[in-house]
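What follows draws every value from the coordinates through simple rules; no lab data is involved. None of the values given here were measured: they were computed from a predicted structure. We place every Cβ from the backbone using ideal geometry, glycine too, and count neighbours over all the protein chains shown.
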Amino acid sequence: MSELKALIFDVDGTLADTEANGHRVAFNKAFAAAGINWHWSVELYGELLAVTGGKERILHYIQNFRPDFLAPGDLGEFIAGLHLAKNAYYAEMVAAGEIPLRPGVKRLLLEAQYAGLRLAIATTTSLENVEALLEHSLEVDAASWFEVIAAGDMVAAKKPAPDIYHYTLEALNLSPEECLAVEDSANGLRSALAAGLKTLVTVSDYTRDQRFAGAALVVDQLGEPDQAMTVITGDAGRAAMIDVATLRHIHSSDSARIAERA
Ligand code: XBP
Ligand code: MG
């Protein structure tokens with residue numbers, strides 16, 4: 001078994017709960033500003049999250065929920081415009097500090113750096129959204145903590161395709177065996193597994209009922225010293241939170257066993 005050299009983090013749902021009170025609200029603001037009477041409820045948005053990528057999600061919504069909708073002009077350009085507006089609203093919300101990091105994220109990122117692990121991001125959302133979140137929720141220069149930020153349209157096929165992880169591994173010049181992915185969703189897990197990565201899943205509000213066959217460990221959160229995590233599937237030993245020792249443990253253990261039970 002190779003030594004663990006790098007951690008590759010998903011963003012939405014993993015570093016922060018960005019969806020229900022972030023992207024969803026921003027989508028609705030963009031629809032209203034464009035004079036369109038669509039509203040994505042918390043529940044509907046949960047269904048729409050099956051489609052990763054904001055532009056892809058809008059197209060899926062039109063095709064399945066608004067088949068009679070006629071876009072003013074080219075549909076692709078119309079969707080791209082809506083998505084740009086959505087991201088501007090999202091950036092405003094992030095800058096206002098409305099999207100805090102999840103428990104244990106900052107602690108683990110600092111500990112991992114101290115332990116000499118390299119850090120990277122592999123996400124479906126845009127680079128601008130990631131940089132805004134890191135700057136406002138973590139530290140002004142936190143984007144520089146990550147050697148590689150692979151995001152959005154840098155690859156042709158979004159998660160659950162493995163492309164964004166392949167891109168990240170190539171940029172890190174590491175093999176999948178030398179890395180561990182951290183994800184919150186079934187689509188993210190599929191993407192990481194398809195790239196050959198062992199994966200820790202930290203479930204989020206929208207994903208806790210999903211199935212995570214193949215994950216090395218599934219927990220409800222990364223945990224803090226005063227806020228113990230709960231292990232959903234797998235073996236974290238006696239750990240009450242995810243730290244570097246736990247990551248090394250799950251990286252070196254045989255996850256096939258866990259996959260059978262999940
Ligand atoms: C996140 C997504 C994204 C966000 C919005 O998936 O599916 O589409 O909802 O991002 P993951 P954009 O956490 O697996 O990366 O609107 O910027 O595409
Ligand atoms: Mg996610």
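Helix 75-95 and the longest principal axis of the C-alpha atoms of the chain enclose an angle of approximately 60°.
Residues TYR165, TYR61, ranked from the fewest to the most other C-beta atoms within 10 Å, line up as TYR61, TYR165.
Sorted from fewest to most neighbouring beta carbons within 10 Å, what does the list THR230, THR168 look like?
Fewest-to-most ranking of THR230, THR168: THR230, THR168.
Report, in deg cm²/dmol and to the nearest 500, the calculated mean residue ellipticity at 222 nm for the chain, where each DSSP H run with n ≥ 4 adds -39500 (n - 2.57) and the sum is divided by the residue count. Intermediate results must be reported in sequence, preceding the final value.
Working: 10 runs with 105 residues, N = 262.
About -12000 deg cm²/dmol.
For segment 19-95, the normalised intensity computed at q = 0.11 Å⁻¹ comes to -0.24 (log10 of I(q)/I(0), Debye sum over alpha carbons, equal scatterers, no solvent). Among all the lysines, which ones have a C-alpha under 21 Å from LYS159's C-alpha, if same-chain residues fewer than 8 places away are not counted? In chain and number order, the partners are LYS55, LYS86, LYS198. When peptides 78-90, 2-14, 185-197 are ranked by their average number of other Cβ atoms within 10 Å per residue, the highest-first order is 185-197, 2-14, 78-90. Taking the centroid of alpha carbons for each part, segment 1-45 and segment 94-125 are 16 Å apart.
Computed about the Cα centre, the dipole magnitude for the chain is approximately 440 debye when only Lys and Arg (+1) and Asp and Glu (-1) carry charge, each at its Cβ. Assuming a viscosity of 0.692 mPa s and a temperature of 37 °C, what translational diffusion coefficient in µm² per second does Stokes-Einstein assign to the chain, Rh being the Kirkwood radius over Cα pairs? Value of D from the Cα-based Kirkwood radius: 175 µm²/s. Helix 127-137 and the longest principal axis of the C-alpha atoms of the chain enclose an angle of approximately 70°.
Phi angles across segment 51-57 convert, under the Karplus curve 6.51 cos²θ - 1.76 cosθ + 1.60 with θ = phi - 60°, into 3J(HN,Hα) values of 9, 7, x, x, 5, 4, 5 Hz, Gly and Pro given as x. Give me the Debye-computed log₁₀ of I(q)/I(0) at q = 0.13 Å⁻¹ for segment 1-155, equal point scatterers on Cα only, no solvent, two decimals. The calculated log intensity ratios at q = 0.13 Å⁻¹ are -0.63.
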